[in-house]
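Asker: Quick one: the structure is below, and I'll ask about it shortly.
The values are calculated or read from the model by the stated rules, or taken from the named source; none is laboratory data. No experiment lies behind these values; they were computed from the predicted model shown. Here the Cβ is made from the backbone with ideal geometry for all residues, glycine too, and neighbour counts use every protein chain on show. Accessible surface areas use protein heavy atoms only, side chains included; no ligands, DNA or RNA. Shrake-Rupley method; radii C 1.70, N 1.55, O 1.52, S 1.80 Å.
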Amino acid sequence: MNLSVGIVGLPNVGKSTLFNALLKKQIAFVANYPFATIEPNVGIVPVPDERLEVLAKITAKEIASPGLAMTDLKLPPIKPATVNFVDIAGLVKGANEGAGLGNKFLSHIREVSIIAHVVRAFEDPNIIKEGSVDPKSDYETISTELVLADLQSLEKSKVKSEKSKIQVKSQNETIEKIRNGLDKGIPVRDMQFNDEEKEIVDQLFLLSSKPEIIVLNVSEQALKDAEQITQNYAELLGVSSEKLVVICAKIEAELAELTEEEQGQYLADLGLDQSGLERLIRKAYETLGLISFLTAGEKEVRAWTIRRGITSLMASGTIHTDFMQKFIKAEVVSFEEFVSLGGWKKARELGKARMEGRDYVMQDGDVVEFKIGT
């Protein structure tokens, strides 16, 4: 599935620095991965998953000639899941009325899976805070623009008369409920709906219904206090701390210039085990309820992104839509057992490779081989 993260925020909060770091990460990644043409405002980067290299080594050893040294093994290609980051620039007060090319950028938000709202949480007299007052008002300015844009959209959501009276009544009541909430400044994502109302909300494609991550762009010195900063800003902004990710865009830009080994050392010196970009990707996965299943074979070792709770039948369609029509069984081994047993062969010999039907609910880290009919 295509996971896209829209980076939004006021001017000079660090969006461009963050996005440029993403583009450098993309350049390093694209050399080993086939892509179609990439738009200038889209960066495609891999989802960090240390399990893939482990699977690649096990697979290479399993198919290699007996007695071949580990150093001589030829690893199959590794293909991680990917995330599209979309740089949505130019959002300013009045965007819902077209200010700062607002209409164009608001339409870009409509196309992404989740919003990463960058909020400046550092002081630098050399960087002008254009249109910016303080982190709380900065955050509220963007949030208000999305709410106002949604109110405009609802004005165009008149129900057509050919629908049944029950459908018309239900939809109009839901729209009125949304409008009342928006009038109070409440984003759609924070409103409560029953299952029937949720279906109507999903059809409206409202901007403030998008899941949101708040990215706090802090100074290099403040990064070591990320946990305390998270708590402080959660209280200041009136949101759950689970929505926040603390990064330093300047450090991310510096990391992008380093080799993988140098990055590890730099992060260790800072007392970190992951970069801000990696934590942002993981937070997006968590917020959207996503997991990855894995495939491991001679041709490739790959991670596939799916929604938590979907069945093996639906997961097979992630690889190819034909798989759903020709699905027979899914052969499944947990990642932990696959590693401890050294691959498919031993897992099958010991009966640890389970044959699951179409209703099996996929788990994160499942290593899967789908059995497909002709």
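Asker: Can you give the alpha-carbon Rg of the range 153-263 over 2.2 N^0.38 Å, where N counts its residues?
Answerer: So the range 153-263 has a normalised radius of gyration of 1.58.
Asker: How about the range 190-292: which GluC sites (Glu not before Pro) there lie in a loop by DSSP and see at most 11 other Cβ atoms within 10 Å?
Answerer: For GluC sites (Glu not before Pro) across the range 190-292 that sit outside H, G, I, E and B with at most 11 neighbouring Cβ atoms in 10 Å, the list reads Glu257.
Asker: Phe205 accessible area, nearest 10 Å², 1.4 Å probe?
Answerer: Only protein atoms counted, so the area is about 130 Å².
Asker: If each of Asp273 and Lys326 carries a label point 7 Å out from its Cα toward its Cβ, how far apart are those two points in nm?
Answerer: With each label placed 7 Å out from Cα toward Cβ, I get 4.2 nm.
Asker: Here's a follow-up. Using heavy-atom solvent-accessible surface (probe 1.4 Å) with all chains present, what is the largest-first order of Leu18, Leu258?
Answerer: These residues rank, largest area first, as Leu258, Leu18.
Asker: Sorted by accessible area (1.4 Å probe), largest first, how do Thr141, Thr259 line up?
Answerer: On the way: Thr141 35, Thr259 75 Å².
The residues order as Thr259, Thr141, largest area first.
Asker: What is the gain in length, in nm to one decimal, between Thr318 and Asn2 on full extension, counting 0.36 nm per residue of separation less the C-alpha to C-alpha distance? Display every interim value, and only then the final one.
Answerer: Details: separation 316, 0.36 × 316 = 113.76 nm, distance 1.03 nm.
Going from the current span to full extension adds 112.7 nm.
Asker: Accessible area of Asp190, 1.4 Å probe, to the nearest 10 Å²?
Answerer: Accessible area, nearest 10 Å²: 90 Å².
Asker: Something else: 7 Å from Cα along Cα→Cβ at both Glu262 and Ser340: what's the point-to-point distance in nm?
Answerer: About 4.1 nm separates the two model spin labels.
Asker: I'd like to know which of Ala222, Ser312, Leu280 lies farthest towards the positive end of the charge dipole of the range 221-374, counting +1 on Cβ of Lys and Arg and -1 on Cβ of Asp and Glu.
Answerer: Ranked along the dipole, the leading option is Ser312.
Asker: Quick one: Debye curve from the alpha-carbon atoms of the range 213-352 only, equal weights, vacuum; give me log10 I(q)/I(0) at q = 0.14, 0.15 Å⁻¹ to two decimals.
Answerer: Results for the range 213-352 at q = 0.14, 0.15 Å⁻¹ read -0.88, -0.93.
Asker: Between Lys329 and residues 5 or more places away or on another chain, which pairs have amide H atoms under 5 Å apart, with H built 1.01 Å from N, and which residues are they?
Answerer: Lys371
Asker: What distance in nm separates the simple spin-label points at Arg354 and Lys61, each placed 7 Å from Cα in the Cβ direction?
Answerer: Modelled inter-label distance: 2.5 nm.
Asker: What dipole magnitude, in Debye to the nearest 20, does the range 146-284 give about its Cα centre under +1 on Lys/Arg Cβ and -1 on Asp/Glu Cβ?
Answerer: That gives a dipole near 1160 debye.
Asker: Please work out the FRET efficiency for the pair Lys224 and Val42, using the Cβ-Cβ distance as r and a Förster radius of 41 Å; give the result to the nearest 0.05.
Answerer: 0.80
Asker: Please list the non-local residues whose amide H lies under 5 Å from the amide H of Ile213, H modeled 1.01 Å from N, same-chain partners needing a gap of 5 or more.
Answerer: Result for Ile213 returns Ile115, Ala116, His117.
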